[in-house]
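What follows is a single structure, written as structure tokens, with notes after it.
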Amino acid sequence: NLQNTNVSKVINLCEGSSDSYLPDIIRDHPKYICQTGYSRLTYKTAFEYSNEHLSGEIIGLINTDIMLAEDFRLADLQKVLNEKVVIANARHEINLANGSVFLDENFKRMFHANTQDAWFYKSPINADNVDFELGLVGCDNAIAHRLQAAGYIVYNMPERFKIIHVDNLRGKNSGNFGGFHKENES
């Protein structure tokens, strides 16, 4: 995302007092900003930060294993977003062996109900009962529900605004998704 021309900056709300766990190539990048002193990221924290520091800007709240596609349509996103529209976007997968990008057929059968890994909105954004962590099972649907209850129109447009899931370490996919989360609950 640091190399993507559609991204103006990447703000990391770092857990603790340092981002020393990241390689220098990330920490030294001119688009990278580390804000220290945070706990595990919640939607509430992300919304409060963007409301206070990035008002009027288009925000991409994006999971760390997600990258925007090279051909991400930022100009179209700017036309779609207004004060009451949020894009809760499902991810594409990547085959690291051949570089092909695709929507997972198993997730597709579930209308990508569990694969929203990026939320795009125009700041400020306000919703109640959003003080829960990103990445928890069911958080995608929970945040969409809270946003709708707050009067936002929430769209999932994975073909129009392509994001790519890059998980070459854990190997999580639609075939082992349920078991993966059950095993990692503790």
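Bear in mind these aren't lab numbers, they're just calculated from the coordinates by the rules spelled out. Just so it is clear, the model here is predicted, and its values are computed rather than measured. As a convention, Cβ positions derive from the backbone with ideal geometry for all residues, glycine included, and neighbour counts pool all protein chains shown.
In whole angstrom, the stretch 32-123 maps to an equivalent ellipsoid with semi-axes of 25, 17, 14, each derived as √(5λ) from the alpha carbon gyration tensor and ordered largest first. Quick check: from the Cα gyration tensor, does the stretch 1-155 come out rounded (a/c under 1.5), prolate or oblate? Taking the square roots of the gyration eigenvalues as a ≥ b ≥ c, the stretch 1-155 is rounded. Residues of the stretch 47-83 with an amide N closer than 16 Å to a point placed 7 Å from the Cα of SER39 along the Cα-to-Cβ direction: 47-49. When the inverse distances between all different Cα atoms of the stretch 22-76 are averaged and flipped, the Kirkwood radius reads 13.6 angstrom. For the pair GLU15 and TYR155 in one chain, pulling the backbone fully straight at 0.36 nm per residue adds 47.4 nm over the alpha carbon distance. Extension gain, ALA97 to ASN141: 0.36 nm times the residue separation minus the Cα-Cα distance gives 12.7 nm.
Magnitude of the charge dipole for the stretch 1-70, about its Cα centre and with charges confined to Cβ atoms of Lys, Arg (+1) and Asp, Glu (-1), is about 80 debye.
The phi-based Karplus calculation (6.51 cos²θ - 1.76 cosθ + 1.60; θ = phi - 60°) puts the 3J(HN,Hα) values of the stretch 48-58 at 4, 4, 5, 4, 7, 10, 10, 4, x, 8, 7 Hz, whole numbers, x for Gly and Pro. Per-residue 3J(HN,Hα) values for the stretch 66-74, derived from phi via the Karplus relation 6.51 cos²θ - 1.76 cosθ + 1.60 with θ = phi - 60°, read 10, 10, 6, 5, 3, 9, 3, 9, 4 Hz in sequence order (x marks Gly and Pro). Each residue of the stretch 39-47 was assigned a 3J(HN,Hα) from its phi angle through the Karplus curve 6.51 cos²θ - 1.76 cosθ + 1.60 (θ = phi - 60°); the sequence is 9, 3, 5, 10, 4, 4, 4, 4, 5 Hz, with glycine and proline shown as x.
Counted residue by residue at 0.36 nm each, then reduced by the alpha carbon distance between them, the extension gain from ARG27 to PHE132 reaches 35.1 nm. Pairs with C-alpha atoms separated by more than 23 Å, drawn from the list LYS9/LYS44; LYS9/LYS162; LYS44/LYS162, are LYS44/LYS162.
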